[in-house]
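S.K.: I am attaching a structure below and will ask some questions about it afterwards.
Taken together, the values in this text are just the output of simple stated rules run on the coordinates, not laboratory data. For clarity, every value in this text was computed on a predicted model and none was experimentally measured. Note that each Cβ is placed from the backbone with ideal geometry, even for glycine, and that neighbours are counted across all protein chains shown.
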Ligand code: FES
């Protein structure tokens, strides 16, 4: 085999190899992108770790039974002190038909008021149902406190 013939064979082979590599690389990139979107990112971001509501404890929820209802969350101060056990946070949606509940300071409970479209269910400070038609309690959320910043997750 002459040198020119040898080089032609080699370069042709390399060109074929490179085209095959590029196709494989493109295919691999496409699969990786798809994998990231449907795997880690979406699954991880949905229900764990996201801060749903932030409260400044220097200015909010100062007294026992103070509450905040915002961003689909309702949070109540149950006791003195800026520790997690002093608060209760729930998704603000009645388990009966999803109406937002209010906190009633005099009775220290959550109420799904007919004035807001609800049907009168009540829930204890722990979120447990105490009056039907709801048959299950409010959905509790995780509370974290750092200094005077309370985060509901
Ligand atoms: S939606 Fe709350 S009692 Fe019906």
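S.K.: If you average the sequence gap of Cα pairs under 8 Å that are 6 or more apart and divide by the length of the stretch 53-152, what percent do you get for the contact order?
M.R.: Details: 216 pairs, mean separation 25.0, N = 100.
Value for the stretch 53-152: 25 percent.
S.K.: If R₀ is 22 angstrom, what is the calculated FRET efficiency for the pair residue 97 and residue 71, using the beta carbon separation as r and rounding to 0.05?
M.R.: Efficiency, from the Cβ-Cβ distance: 0.65.
S.K.: Hey, another quick one. By how many nm would the segment from residue 79 to residue 107 lengthen if fully extended, with 0.36 nm per residue of separation less the alpha-carbon distance?
M.R.: Contour length minus the Cα-Cα distance gives 8.5 nm.
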